Every structure is written in C-alpha cells, then in structure tokens.
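One structure below.
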Amino acid sequence: MGAGDPDLYKAFCWRFWQLTRSDGAVGVVLPRSALSAAGSAPWRQAILDEGAFDDVTVLKNTKGWVFEDVTPQYTVSLVVL
C-alpha cells in the first residue's frame, strides 16, 4: 500500500479501483491525503496511467458544512474514477 503509516482508505482505494469495470465508474469520498500523501502515490499513478480520474472536487469542512461531526479543518475529496 505504499510508504508511511497504513491507513485503511489506501486499501479501499485499491479495492474500488479493482472492482470497477473497464467501462464503469465509481464515485467515492476520500480524505485529501489520498490525493497528496506519499503513501498514496502508487495508487494515484495507477489511476493516472489509465487516465481514469473523471472528476475531483476538494471540500474543506469549514464550520462543519460537509460533515457535522468531523473536525472543521478536515478536508475531503469527492473523486470519480
């Protein structure tokens, strides 16, 4: 799953990718680190090699507008593969 501390989102990222048909699509909510952390680089590269990032939207949880019970500083990514 790459370098750094193991995070479950990394395993799910790979699994989402494996389960998606060649002509299919999947939309997922991921932590921002899926798009920026060194440990996620192999996954990002695999997606980029296939040209499969259809859409990426980054949301900062300011004042809890995205998720009420999540720290306001937390940033999530809405990713369509």
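Any read-out appearing in this document is the output of simple, stated calculations on the displayed coordinates, not a laboratory observation. In this text the structure is predicted, and so the values were computed from the model without any measurement. No Cβ is skipped: glycine too gets one built from the backbone with ideal geometry, and neighbour counts run over all protein chains shown.
State whether one or more residues within segment 71-78 are in contact (Cβ under 8 Å) with a residue 12 or more places away in the chain, more than 26 Å from G24 (Cα to Cα) and among the aliphatic types (A, V, I, L, M).
No; the residues of segment 71-78 include none that is in contact (Cβ under 8 Å) with a residue 12 or more places away in the chain, more than 26 Å from G24 (Cα to Cα) and among the aliphatic types (A, V, I, L, M).
Quick one: L35 ticks every box in (1) in contact with a strand residue (DSSP E or B) (Cβ under 6 Å, 6 or more places away or on another chain); (2) farther than 17 Å from Y9 by Cα; (3) assigned to a helix (DSSP H, G or I) bar one, so which box is it?
Among (1) in contact with a strand residue (DSSP E or B) (Cβ under 6 Å, 6 or more places away or on another chain); (2) farther than 17 Å from Y9 by Cα; (3) assigned to a helix (DSSP H, G or I), L35 violates only (2).
I need a count of the residues in segment 19-70 that are touching a residue at least 60 places away in the same chain (Cβ under 8 Å) and either in contact with an Asp or Glu (Cβ under 8 Å, 6 or more places away or on another chain) or within 20 Å of D7 (Cβ to Cβ) (or both).
0
Kindly indicate whether any position in segment 24-35 is touching a helix residue (DSSP H, G or I) at 6+ places or on another chain (Cβ under 9 Å) and surrounded by fewer than 14 Cβ atoms within 10 Å (Cβ to Cβ).
For segment 24-35, residues touching a helix residue (DSSP H, G or I) at 6+ places or on another chain (Cβ under 9 Å) and surrounded by fewer than 14 Cβ atoms within 10 Å (Cβ to Cβ): absent.
Out of all the residues in segment 46-60, which are surrounded by 11 or more Cβ atoms within 10 Å (Cβ to Cβ), out of contact with any strand residue (DSSP E or B) (no Cβ under 9 Å at 6 or more places or on another chain) and more than 14 Å from V80 (Cα to Cα)?
A46
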